[in-house]
Each structure stands twice: as structure tokens, then as C-alpha cells.
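A quick write-up on the structure given underneath.
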Amino acid sequence: MELREFFERHPKVAIAFSGGTDSAFLLYSASKYAEDVHAYFVKAQFQPDFELDDARRLAEELGVPLTVIPGDVFANPDVVRNDRLRCYYCKRANFSAILEHAVKDGYELVLDGTNASDDPSDRPGMRAIEELGVLSPLKECGLSKDEVRRLSREAGLFTADKPSYSCLATRIPTDTPIDPESLRLVESGEIALFDLGFSDLRVRKIGSTAKIQLTAGQMPRAVELRDEIVKALSPYFETIVLDLVPRKPSV
């Protein structure tokens, strides 16, 4: 099945929109083929502000209405506990909120941007999505991440080559409870590195230590800018280390 056919079958849809490559292409496709589309973005403490900025920018470019739903991860003890099922609890809460708003707005079907490359064994949140009856057209139509990026480039979407950016909670070790200050520190650290020209990165918080993870091609520059990096991250962390095992480029 192709996306055109999917939206012919489902002409009125709500899109769970994150501002990332997959949901951006899904929103673009819905705006092209569906009759009635509305996007919903849950803004909680796990999402950095730039993701919402990107979501607003694309929704405006496509002429799709966007509803921003405030979320509070710290109201959910299952999420704060940060065990191996944290993503499941978080996704269930976020998509339940989207479903509630969508139904009030007259949308009975909610879609998400899961693609055919996503591995359910590595993403407990996918189980929550399935339990709530959310459909994943990219996955149903067999579109891999590489294909989504290619089609996004052909469509001229600015999100086509945007690196995948997992939520800020992933920067905290599993079974370490999440608190607002920890999220503030990792987000501030990553923004500081973005400002120095780095991309596709992670700052992991291990106690008072920042462990910087970069792709292999950025390693030499990190060594070259060692003093600048230390100065930029010192307000947030006592110790700053560079992981010598490069992270794989986001796909």
C-alpha cells in the first residue's frame, strides 16, 4: 500500500507530531493526500525547545493547524522512576493526551511517524502506541528511514537530514530517577555544544560528570576545541569527558 491509498481510506486524521524527520514527512503526506489534518505536539520537560520550534515552522509551511499540549512528566511516578519501561509509560501518557484532544476536535484516528526500520524490541513505547490504537502509516507502507529521508529531500522538507534526537530522558542512566535539574543540565550542555558548531551528539549525565558522545568525524575538532568545550560546559558539570567510542550517525 502507498501513502496516497492510506489517506484515501483515512481522509480525516490527527498526527502526533514531534518535529522530527519521520513525523514531518507523515504530516507532509497527510497535507498532500488527506482531506482534513490536524497536528498535535506534546510539550513536556523531555522535549527541547528547538523541537517545538521546528514543529511550528513546518506546520506553518504546510498550512496545517497545530495544537501544543502541555505535559508534565514529573506528575507521573512511573516515568520519573526511569526504569527500563520509562518510554512505555511516557508514550502512553503523551498519546493518551493527544487522543483526548483529537477526539474533542472531532478526529477519531491518530497517526504517528514510526517507520519500517524501527525495531519494536528496542522501543518499548511502540507497545503503548499499538495498545491505544494509533496507526503508523510509514510502517504500514513499508517505508524505511532511508526512504523517508530521500522522499523528504525530494519534497524539499527542511527536516530531511535532521539528525534523530531522542528525548532528554535518555541522557540519564536507567534506574536513576529523573529530576528537573538533571534535564536542565543536559539540555544546557547540548545547546552549548551546538553553539560551538557540533551536531548529532549526546551529553550523558553520570552523577556530576558530562560524558560527551560525538560521531567519528567530529572527534578531531573536539580535541582541537578542548578548552572551549570545557569552558562552555563547566557551568553545568564538575567533570567533562569525551567518549572515545564514537556514536553512530543518527539515521
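The numbers here are math on the coordinates, done by the rules we state, and not lab data. Predicted model, so just to flag it, every value in this text is computed and none were measured. Backbone-built Cβ (ideal geometry, glycine too); neighbour counts: all protein chains shown.
Please list, ordered by chain and number, the residues whose modelled amide H lies under 5 Å from the amide H of ILE69; skip anything fewer than 5 residues away on the same chain.
PHE41, VAL42, LYS43
Strictly over 26 Å apart at the Cα level, which of LYS43/LYS205; LYS32/LYS248; LYS91/LYS145 would you flag in this model? Each step should come with its number before you reach the end.
Numbers: LYS43/LYS205 22 Å; LYS32/LYS248 33 Å; LYS91/LYS145 20 Å.
Check vs 26 Å cut-off fails for LYS32/LYS248.
Any idea what angle helix 49-62 forms with the longest principal axis of the chain, computed on alpha-carbon atoms, 0 to 90 degrees, nearest 10?
With rounding to tens, the tilt is 30 degrees.
What full-extension length gain, to one decimal in nm, is calculated for PHE158 and LEU132 as 0.36 nm per residue of separation minus the Cα-Cα distance? Intermediate values should be presented prior to the final figure.
Working: separation 26, 0.36 × 26 = 9.36 nm, distance 3.04 nm.
Taking PHE158 through LEU132 to full extension adds about 6.3 nm, to one decimal.
So what are the ³J(HN,Hα) numbers for segment 191-205, from phi and the Karplus equation (6.51, -1.76, 1.60; θ = phi - 60°), rounded to whole Hz, Gly and Pro as x?
4, 4, 6, 4, 5, 8, x, 7, 8, 6, 9, 9, 10, 8, 9
Counting only DSSP beta bridges with both residues in segment 179-242, what percent are antiparallel, rounded to the nearest 5?
Values: 5 of 9 bridges.
Antiparallel: roughly 55 percent of the beta bridges in segment 179-242.
Using only Cα atoms, tell me the angle between helix 145-155 and the longest principal axis of the chain; keep it within 0 to 90° and round to the nearest 10.
Value to nearest ten degrees: 70.
Straight-line reach from LYS211: which aspartates and glutamates have Cα under 12 Å away, leaving out those fewer than 8 places along the same chain?
By straight Cα distance, LYS211 reaches GLU190, GLU238, ASP243.
Could you calculate the FRET efficiency of SER166 with GLU60 from 1/(1 + (r/R0)^6), where r is the beta carbon distance between them and R0 is 22 Å, rounded to 0.05? Spell out each step's value before the answer.
Working: r = 25 Å, r/R0 = 1.14.
It comes out at approximately 0.30.
Amide H to amide H, which residues 5 or more places from THR215 or on other chains are under 5 Å from it, using H placed in the peptide plane?
Residues meeting the criterion, in which the H sits 1.01 Å from N, are ARG247.
May I ask what percent, to the nearest 5, of DSSP beta bridges between residues of the chain are antiparallel? Show your work: numbers first, answer last.
Numbers: 5 of 22 bridges.
Antiparallel: roughly 25 percent of the beta bridges in the chain.
Pop out the ³J(HN,Hα) list for segment 27-35 in order, Karplus 6.51 cos²θ - 1.76 cosθ + 1.60 with θ = phi - 60°, rounded to Hz; leave Gly and Pro as x.
Values, residue by residue: 5, 4, 5, 5, 5, 8, 10, 7, 8 Hz.
Where does the chain land at 222 nm, in deg cm²/dmol rounded to the nearest 500, when only DSSP H runs of n ≥ 4 count, each adding -39500 (n - 2.57), divided by all residues?
Rounded to the nearest 500, the figure is -13000 deg cm²/dmol.
Please list 3J(HN,Hα) in residue order for segment 223-229, calculated via the Karplus relation 6.51 cos²θ - 1.76 cosθ + 1.60 where θ = phi - 60°; whole Hz, with x for glycine and proline.
5, 4, 9, 3, 5, 5, 5
Name the GluC sites (Glu not before Pro) in segment 143-251 that are in a loop by DSSP and that have at most 13 other C-beta atoms within 10 Å, would you?
Working: sites: GLU147, GLU154, GLU181, GLU187, GLU190, GLU224, GLU228, GLU238; in loops: GLU238.
Loop-located and lightly packed - GLU238.
Please compute, over every Cα-Cα pair in the chain, the percentage with a separation greater than 34 angstrom. Don't skip to the answer; put the middle values down first.
Values: 5816 of 31375 pairs.
Cα-Cα pairs of the chain separated by over 34 Å account for 19 percent.
For a paramagnetic label modelled at 7 Å from the Cα of SER144 toward its Cβ, which residues of segment 22-41 fall within the zone defined by backbone nitrogen distances under 18 Å?
The answer is 22.
How much of the DSSP beta bridge set in segment 109-247 is antiparallel, as a percent to the nearest 5?
Details: 5 of 10 bridges.
Counting only bridges with both partners in segment 109-247, antiparallel ones make up about 50 percent.
Taking H placed 1.01 Å from N in the peptide plane, check which residues at least 5 places from LEU143 or on another chain put their amide H under 5 Å from its amide H.
Hits under the 5 Å cutoff: ALA116.
Give the distance, in whole Å, between the Cα centre of segment 8-42 and the Cα centre of segment 158-206.
26 Å
Out of segment 72-156, which trypsin sites (Lys or Arg not before Pro) are coil in DSSP terms and have no more than 15 other C-beta atoms within 10 Å? Could you put the intermediate results ahead of the total?
Numbers: sites: ARG81, ARG84, ARG86, LYS91, ARG92, LYS104, ARG127, LYS139, LYS145, ARG149, ARG150, ARG153; in loops: ARG84.
Sparse-neighbourhood loop trypsin sites (Lys or Arg not before Pro): ARG84.
In terms of Cα to Cα distance under 18 Å, which aspartates and glutamates are near enough to LYS139, apart from those fewer than 8 places away along the same chain?
Excluding near neighbours in sequence, the set is GLU2, GLU5, GLU8, ASP22, ASP112, ASP118, ASP119, ASP122, GLU130, GLU131, GLU147.
Using 1/(1 + (r/R0)^6) with R0 = 45 angstrom and r between the beta carbons of SER96 and VAL245, what's the FRET efficiency to the nearest 0.05? Write out the running numbers ahead of the final one.
On the way: r = 37 Å, r/R0 = 0.83.
After rounding, the FRET efficiency stands at 0.75.
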